[in-house]
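Participant: Structure provided below as structure tokens; questions to follow.
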Amino acid sequence: MKALANGIYAGTFLSSLDMAGISISVLGIDDEWLRWLDAATTAPAWPNVLKQPPGKPEARIATEVRVELSSPIGKGAQTEAGKKTKRAIEAAGKALIDAEDELTEMDRVTGDGDLGISMKRAAEAVRDAVGSYPLDNVAATLKALGHTLQREMGGSSGPLYGMLFLRCGNVVENSERTDLAQWAEALAQGCRAISDLGGAKPGDRTMLDALDPFVKSLNASAGKPSREQLLSAVEAAERGAEATAQMKPRLGRSSYLGDRVLGHPDPGARAVAIWLRAACEALLPL
Ligand SMILES: [Mg+2]
């Protein structure tokens with residue numbers, strides 16, 4: 001609710017579904033700000049919304065149709081690689097759905113409590129869409145996965161996860177190699193894309209603090225791809241997620257809480273460790 005000199009606005013201006021407690025924001029305003037706040041707008045969530053909906057109905061329908069047409073059409077997995085890709089995606093999603101309570105509890109302490117729900121919603125959307133992915137084409141599947149996550153995950157994680165898999169898909173598409181080093185390169189470029197988009201670097205207490213150690217571990221273990229190589233990279237991601245407990249938050253909702261989050265790991269990094277382990281175990285034997 002916002003109380004202004006010339007009235008009161010009531011509505012949902014910031015939602016935190018599973019957050020314990022309340023949040024109060026104070027904004028210093030002057031006459032010019034008041035004029036802007038009271039101006040009529042087409043922004044649907046603001047109380048001064050104009051009576052008629054923005055845009056023409058035909059324009060909205062056209063957008064929906066375009067989104068539908070751009071969805072990937074797949075025939076399921078025919079090849080061994082396609083079946084493995086499907087198993088890895090499904091295992092990652094199931095692990096996130098199973099971890100909903102754990103992630104919610106962690107995010108209650110360090111954020112706004114919605115990470116468990118967001119991850120579960122995205123995982124369910126992927127589970128429903130995976131059959132339509134072009135699974136025998138790994139690069140195209142990664143991009144399709146990125147599109148689903150961008151659309152369904154919401155919050156700041158949605159665009160970041162979307163970007164991660166879109167970039168991975170592009171790198172895999174343009175690479176002739178199919179070994180673990182190629183995956184490490186794809187994920188490394190995905191991490192860079194996340195940094196560019198969100199402004200975070202490793203050490204800032206984000207999902208990158210699980211992804212980056214995973215990539216570095218894959219790169220460090222030279223030689224033939226092995227079960228041990230992959231599992232030690234997963235362990236590096238898990239250690240990285242644990243280590244965020246000692247990192248100061250610089251971005252995102254956690255940064256509002258400052259030093260109070262110290263001692264608690266970052267749930268976004270923990271979520272990465274959870275789906276990485278599930279996906280990698282589903283890929284074995286390599
Ligand atoms: Mg949140």
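Computed from the coordinates by the stated procedures, all read-outs in this text should not be read as laboratory data. Remember, predicted model here, so these are calculated numbers, not experimental data. When we count neighbours, we look across all protein chains shown, and the Cβ atoms used for this are built from the backbone with ideal geometry, even at glycine.
Participant: Compare the peptides 30-36, 250-256, 118-124 by average per-residue count of other Cβ atoms within 10 angstrom and give them in order, highest first.
Facilitator: Highest to lowest by the protection proxy: 118-124, 250-256, 30-36.
Participant: Could you pull out the pairs from K84/K216; K216/K248; K86/K248; K86/K201; K83/K143; K86/K216 whose alpha carbons sit more than 27 Å apart here?
Facilitator: K86/K248; K86/K201
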